[in-house]
Structures are given as C-alpha cells and as structure tokens.
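So the structure is just underneath, and the comments pick up after that.
The values are calculated or read from the model by the stated rules, or taken from the named source; none is laboratory data. The model shown is predicted, which means the values in this text are computed figures rather than measured ones. Note that we place each Cβ from the backbone using ideal geometry, even for glycine, and neighbour counts take in every protein chain shown.
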Amino acid sequence: MTGQAISPELREWIVAQLAAGHSIPSLRVSMREAGWQADVAESALAEFDPSRPVAPVAAPVAQVALPGPDLSSAPLYIDTGDRRVQVLQTVTHPRVIVFGDLLSDEECEALILGARQRLARSLTVEAKTGGEALNVDRTSDGMFFERGENPVVARLEQRIATLLRWPLEFGEGLQILRYSPGAQYRPHYDYFDPSEPGTPTILRRGGQRVATLVMYLQEPDQGGATTFPDVGLEVAPKRGTGVFFSYDRPDPGTRTLHGGAPVLSGEKWVATKWLREREFT
Ligand code: PD2
Ligand code: ZN
C-alpha cells in the first residue's frame, strides 16, 4: 500500500477492536500484518491511546458585560432622560465613543466652581502599594467629588449611568482636573496592573476599572487633546464633549493606552468618571 491515510473506516475498525478487548500492541501487530505502514499505524493508534497527553483546550473567552450605550440602531442622538446626547465618533478597537452635548455650559461652570477651591496637585493610585502618590507623569491639579455630593454632580452621574447602561453605584466619585500651560498626563492605562502587589488592595473596593469617561469642562486655547497613541487618535478637548472608552480586561491588548497632551496655552479642565466591575464603596 502507498500513500496511506488514516481513514474513517480505519478509525472505526480500531474502535471496534478495542471494544472487543484487544490491546493496542496487538492491534499494532495486526495492522502491520495487514500492510499498514508503521508511521501511519502509530499515528492512528496514538489517537486512541488513553495515556496520550491531551492537548489543552483553549478556555472560551468570557463575554463580559461592559458599560456602553446602545448603538444597535446607529443613533445620532441618545436620550438620557434629561438630555439628548450626540454620538459623534466611534472606534471599535480600542472601544472609543465621542459624545457631544453631554454637559451644558452651566454644568461645566458649576463643576469648575465647586472644584476650584479644593484643587491639589494630582495624585495617582499607586499600584505598587495600593496608596496614592505624586506622579511626575501627571502635572495637573485635581480633586474628587463624593458621589452625589451636590445636585449637579448627582444629575450628571444619573445621566452617565443611563447613557452607559451601568449602575450609578459602580462609578467612582467624579474627578476634576485642571491643566495649566505645560501640564500634561503622559500615556497610561486606567486599569490597575494585575502584576503590581498593591492591586489586590485597590480591587477590594469594586473590582477592576472597566471604562473611563473624560468630559471637557473648559477648552484650552491650544493643545490638551486626549490621545490614543496605539491608534493615532486625538480627541479635541471641546467643552461639553466627552470621550468614553472601555476595556474588557486589564491588558494592553485593549489598545486603551491614552494620555492628555500638553496644554500649550490657556487652561484645560476635565471631569473623569471611572467605572468599576462592581459597586464602588
Ligand atoms: O485630561 C485628559 O485628557 C486625560 C487623559 C488621560 C485624562 C485622563 N487620562 C484620566 O483622567 O484618566
Ligand atoms: Zn487616564
């Protein structure tokens, strides 16, 4: 016999022989006597050898629910109950959506007014320790509102929860940042690095971050775009607009590396809402 292949019939024959109590070595002898080439016989019998290591089966990728608007009907606007928000731009990978008219001018001004007296040089959550530290990569000033701290904050948080279909309680308190000329936020990921020893402590308060919404409260005169270097995307810091992005796992493969480009002139103010997997306590 030449050009032998493992046929369905051969497999059926092996199954029947094994079922009848014959051993693999005895089948090897029978196959060789019947003219099967040694390598074909070996490969065929190996398929039925119970001691053969089983190739690992890739675990199915869990389809986790993520925050995000319902874009199934390609809407130009989304009604959040108290406001009609524009869908200006979408990117699939990374998942990025730019919303227009997310905040009114009055809301932007009220947030700036409430934050101004409480600004301090921004700290970032430090995954090495689980605490907070000054970070040279972030030269803005910032503060946090408590969730629901005043009526404007509460209204905006409800709007965001409706828009992104994510429980209000899963959100961190609203962060306000002010960038003066020269200030920037170098490219980073917003999720907590799982390999850092402080991360388990941080995750106790609501699990991982799964999405970010950066909202522009005041436009600088020049500079200050939010950048996504992996995909060459730059979102202009237009007052009332928000850039949303989500990440289904804490991994650079989400392509959610992003930064705040240096402000060249004027002042840029933003509000950031981070969304967690679970209730943020
Ligand atoms: O202000 C921004 O554009 C910006 C850029 C990157 C804000 C954040 N990250 C953030 O608040 O995480
Ligand atoms: Zn960020």
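Overview of results
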{"item": "Pair list, Cβ under 8 Å, 6 or more apart: segment 23-41 residue within 13 Å of Leu10 (Cβ to Cβ), other residue assigned to a loop (DSSP other than H, G, I, E, B) and modelled with pLDDT under 85", "result": "Gly35/Met1; Trp36/Met1; Trp36/Gln4; Gln37/Met1; Gln37/Gln4; Val40/Gln4; Val40/Ala5; Val40/Ile6"}
{"item": "Wholly enclosed strands (runs of 3 or more DSSP E) of segment 229-276 bearing at least 2 residues touching a strand residue (DSSP E or B) at 6+ places or on another chain (Cβ under 7 Å), within 18 Å of His93 (Cα to Cα) and modelled with pLDDT of 95 or more", "result": "233-235, 242-246, 258-260"}
{"item": "Enumeration of residues in segment 243-270 that are within 19 Å of the chain's Cα centre (by Cα) and within 11 Å of ligand 1 (Cβ to nearest atom)", "result": "Val243, Phe245, Thr256, Leu257, His258, Gly259, Gly260"}
{"item": "Set Arg186, Arg239, Arg205: member being within 13 Å of ligand 2 (Cβ to nearest atom) and surrounded by fewer than 20 Cβ atoms within 10 Å (Cβ to Cβ)", "result": "Arg186"}
{"item": "Every residue from segment 213-225 that is near ligand 1 (Cβ under 9 Å from one of its atoms) and surrounded by 23 or more Cβ atoms within 10 Å (Cβ to Cβ)", "result": "Val214, Tyr216, Gly224"}
{"item": "Yes/no for Ser195 being free of Cβ contacts under 8 Å to residues at least 12 places away in the same chain, hydroxyl-bearing (Ser, Thr, Tyr) and more than 15 Å from ligand 2 (Cβ to nearest atom)", "result": "yes"}
{"item": "Sole exception among (1) over 24 Å from Val152 (Cβ atoms); (2) within 11 Å of the chain's Cα centre (by Cα) for Glu234, by number", "result": "(2)"}
{"item": "Test: residue in segment 170-192 that is under 16 Å from the mean Cα position of the chain (by Cα) and over 19 Å from His258 (Cβ atoms)", "result": "yes"}
{"item": "Hits in segment 11-22 (condition: modelled with pLDDT under 85 and either surrounded by fewer than 13 Cβ atoms within 10 Å (Cβ to Cβ) or touching a helix residue (DSSP H, G or I) at 6+ places or on another chain (Cβ under 6 Å) (or both))", "result": "Glu12, Val15, Ala16, Gln17, Ala19"}
{"item": "Test for Val214: is it within 19 Å of Gly100 (Cα to Cα) and outside any loop (DSSP other than H, G, I, E, B)", "result": "yes"}
